Amino acid sequence: MIGLLQSLIDGLGRGSIYALLALGIAVIFGVMHMVNFAHGELITVSAYVAFGVIVTAGWAWWAAAPLIFVAAVGTSVAIEFVAFRWVRGSSDFTMLLTSFAVHFLVQAIFVMTMGASVRSFPRPDWADRVWSVGDLNIQVIDVVVIGATAVTMAVTVYLLQRTMFGISLRAAAEDFDAARLMGVRSNKVIRQAFILAGALAGIAAIFFLMRTGQARPTTGLSPLLKGILAAIIGGLGNMQGAVYGGLLLGVSEVLLRSWLPEDLVGITDGVVFALIALFFIFRPQGLLYVRSAERV
Amino acid sequence: MRITKLLVASLAVLALVAAACGDDEDDAAEAPATTTAAPAVEEEPMAEEEPMAEEEPMAEEEPMAEEEMAMEMSFDVDAALDADLDNCAAAPTGDPFIIGFAADLSEVGGFADIPISEAGGYYVSLINCAGGVGGHPVAFIIEDVQGDPEVSQRATADLLDAGAHVILGPPFADTGDAVLQTVNASRAVIFVASTEPVLPDPSIYSFMTTFSDTQQAEAAAEFAIDNGITRAITFSSEGPYFGYNPETFAAKFEELGGELVLDVSYVPFEDFDFASHANEVAGVADGTEILYTAMIAPQLDALRGAIEERGIDSITYFGADAFGVSGITVIDNNEGVYWTDHGFGTDGNRYERLNDGLAAMGMPSEAPGFAALAGDAITVAIQGFIDAGSTDPLAIAEAISQLTGVEAVTDTIGYAGTDGTPDTPVYILQIVNGETTLAARMQ
């Protein structure tokens, strides 16, 4: 029982980062009908910014974190402006290819400019700290990540439900053309969606980098895949579902890690994907039903 | 409007036809992969002096005969490293000795081959500055294999077409195999940074520049036993490097009388939440163990932090050569960590001079060990050229297989009587008081 509880806590900590990324992917899918494979590059850029300011400039983590956040938001807006704006209205396939192009381009730029080596930077002192409660070992960073994700979710829900920004975004997600006829400015609403997605990725990046302490050209790839997977599990376009998907994915990984025989632990990801494929046979719409599959 | 389109289309077609009919030599001149060659080569275009028949590729069919070679062929590593690029000797005027590098500059192997390419280019420029090799300039041609076996074959073919006398190879077995297949034992292939035990094979002139994974893992086990450690924990993953090293370490450790108390699986590069792994370690460890793994430095940092938070803070941490290039000196929690590496820079030795020279040129190597290996591989190729007394690639390959005691950059290297893995030592380094120190040199 203690083992199960321990795995649940560890899994929620891991899954919270997936949830934040899945949220951003769901927001972009909502307004652009596109799975954004360039979303992971926000983590990659953030990682190199972290390396630059922490190692090269000697900043402390508390000072670096806001800059990491700004870098993710700025990169998200830049990607929209440089790449996606020009293919808006094109077929889904074109937009998908564009997101792949951005993904590989950013990766290549980092290989050319920073090299392919792993760039390490120190993690915050408290990242490894553990609170022992009876037989439970609760990592401080897990508690912080879970808390931050809950707050971010609440703020995001407020933004989407109670502000003009959110109403415009939801209207555009429901029916873009009708929203434009009602006075919603398309450029603005899409830019705002990318700002929101970038902000969510920025928060995820801060915690992800606090755990990993490394930058390399493919840093964002694994979290991107997990984020997309979580968004799909939750029901693409459904924000609540994206969060549930992320948490479920994180908990599944940790549970399998502790339940699988040691010889099979290496295929944890494979087992997770197999289970997800099985899940979709019975529930192809994902965890939560999305009427139009496009709603934010 | 239609006429304009028609005109543009016609021009495009004409341009394509013109390009297709263009002179191949132009292509060769325009697509030089990165090349470091002596100025003399550029100044004296070959075609003007001795027009070659079209069907006669340069390198393969006109190896320099022994009598054409410079009479006093020798190579002094120290003289090259001491060369002043602002004040070079007279440019060598002989035909170039060409070293081709099938380099993996992608995000897969670039961690090794980008620093090797930079250091190799610099080292060759020093050699040419010091007068070349017996009056022959050295050319260093790089083709990117992009981490892809199919591209590797094309890149290697390009290097062969360019007349490379010796090929330097990429770090991993998949692309390395592709290089070997393309070369097809027609000349020596020297793998610069690879530690893959499956690659060397003297029967096809396939050589490594440094120790194999078997050697580095066994050296770590011997070092641990020599230092009185009898209990070990390994962190491993399926696969050649991250799995093979811990497995080999464990086998040797147990053979020498030690006990493997736990092997924990992890995912290289991806796992950073080591809570459950650390719980497993805390369940069996008493603090006297050595924890051996081939994981990269940031992962070890996270793992060690998680283990120490559970009250186990006296374990000895030991890694493979990936540590040295993944930020071991940057991470906070690195004190006391050991790892195996390819050399050690100290007291103005060659390793240090090569890396200091790179830094002085404004391109400090992010992987000093790999930079030094670039020097080793080029030195070996040159020594093979000297011993062969010819640019015949097969004669050079044969000469390399017989080399002994070559004074290279990291140490001495020899291949005679080996399986293609050189008899070079394994350096065991340790962080002490925040500085990298030499803990042992295991032959």
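The values are calculated or read from the model by the stated rules, or taken from the named source; none is laboratory data. Quick caveat: nothing in here was measured; it's all calculated off a predicted structure. Virtual Cβ from ideal backbone geometry, glycine too; neighbours counted across all protein chains shown. When the accessible area is computed, the model is the full protein with side chains, heavy atoms only, and any ligands, DNA or RNA have been set aside. Shrake-Rupley method; radii C 1.70, N 1.55, O 1.52, S 1.80 Å.
For this structure, a couple of remarks:
- Residue in segment B:391-412 that is touching a Ser or Thr at 6+ places or on another chain (Cβ under 8 Å), closer than 24 Å to residue B:104 by Cα and of a type in the set (D, E, K, R) present: no
- Residue that is nearest to the chain's Cα centre (by Cα) [pool: residues in segment B:143-167 that are within 15 Å of residue B:394 (Cα to Cα) and aliphatic (A, V, I, L, M)]: B:167
- Output for segment A:91-119, where each listed residue is surrounded by 14 or more Cβ atoms within 10 Å (Cβ to Cβ) and modelled with pLDDT under 85: A:115, A:116, A:117, A:118
- Qualifying residue in segment B:298-305 (condition: more than 19 Å from residue A:128 (Cα to Cα) and in contact with a helix residue (DSSP H, G or I) (Cβ under 6 Å, 6 or more places away or on another chain)): no
- When restricted to residues that are out of contact with any Phe, Trp or Tyr (no Cβ under 7 Å at 6 or more places or on another chain), in a strand (DSSP E or B) and over 27 Å from residue A:223 (Cα atoms), segment B:246-269 contains 3.
- Of the candidates B:265, B:236, the single residue that is among the hydroxyl-bearing types (Ser, Thr, Tyr), open to solvent by 10 Å² or more (accessible area, probe 1.4 Å) and under 22 Å from residue B:429 (Cβ atoms) is B:236.
- Among the residues here, residue B:279 qualifies as assigned to a helix (DSSP H, G or I), polar (S, T, N, Q) and under 27 Å from residue A:138 (Cβ atoms).
- Qualifying residue in segment A:83-106 (condition: under 24 Å from residue A:192 (Cβ atoms) and either among the acidic types (Asp, Glu) or in contact with a Pro (Cβ under 7 Å, 6 or more places away or on another chain) (or both)): yes
- Residue B:307 vs. criteria open to solvent by less than 10 Å² (accessible area, probe 1.4 Å), at pLDDT 95 or above, closer than 26 Å to residue A:253 by Cα and among the aliphatic types (A, V, I, L, M): no
- Tally of residues being within 14 Å of chain A (Cβ to nearest Cβ), over 24 Å from residue B:362 (Cβ atoms) and either open to solvent by less than 20 Å² (accessible area, probe 1.4 Å) or outside any loop (DSSP other than H, G, I, E, B) (or both) across segment B:123-146: 1
- Filtered residues of segment B:252-290 (kept if among the small types (Gly, Ala, Ser), away from every other protein chain (no Cβ under 14 Å) and touching a helix residue (DSSP H, G or I) at 6+ places or on another chain (Cβ under 9 Å)): B:257, B:258, B:285
- Only listed residue being in contact (Cβ under 8 Å) with a residue 60 or more places away in the chain and either touching a strand residue (DSSP E or B) at 6+ places or on another chain (Cβ under 6 Å) or within 14 Å of chain A (Cβ to nearest Cβ) (or both), chosen from B:229, B:312: B:229
- Members of segment B:174-198 that are over 13 Å from the mean Cα position of the chain (by Cα) and either open to solvent by less than 30 Å² (accessible area, probe 1.4 Å) or not polar (S, T, N, Q) (or both): B:174, B:175, B:177, B:178, B:179, B:180, B:183, B:185, B:187, B:188, B:197, B:198
- Selection of first residues in segment A:92-114 that are on the phi < 0 side of the Ramachandran plot and of second residues that are assigned to a helix (DSSP H, G or I) and open to solvent by 80 Å² or more (accessible area, probe 1.4 Å), restricted to Cβ pairs under 9 Å at least 6 apart or on distinct chains, gives the following pairs, ordered by first then second residue: A:98/A:86; A:102/A:82.
- For residue A:111: the one exception among (1) β-branched (Val, Ile, Thr); (2) more than 17 Å from residue A:219 (Cα to Cα); (3) over 18 Å from the mean Cα position of the chain (by Cα): (2)
- Residue match in segment B:108-122 (condition: open to solvent by 10 Å² or more (accessible area, probe 1.4 Å), within 14 Å of chain A (Cβ to nearest Cβ), in contact with a helix residue (DSSP H, G or I) (Cβ under 9 Å, 6 or more places away or on another chain) and outside any helix (DSSP H, G or I)): yes
- Scanning segment B:357-375 for residues that are more than 18 Å from residue B:427 (Cβ to Cβ) and away from chain A (no Cβ under 14 Å) gives B:357, B:359, B:360, B:361, B:362.
- Residues (open to solvent by 20 Å² or more (accessible area, probe 1.4 Å) and modelled with pLDDT of 90 or more) located in segment B:96-107: B:96, B:105
- Candidates in segment A:100-142 are the residues that are in a helix (DSSP H, G or I) and over 30 Å from residue B:103 (Cβ atoms); of these, the one that is nearest to the other protein chains (Cβ to nearest Cβ) is A:128.
- Residue within segment A:130-139 that is in contact (Cβ under 8 Å) with a residue 60 or more places away in the chain and within 27 Å of residue A:63 (Cα to Cα) present: yes
- Residues that are surrounded by fewer than 16 Cβ atoms within 10 Å (Cβ to Cβ) and away from every other protein chain (no Cβ under 14 Å) within segment B:239-251 comprise just one, B:251.
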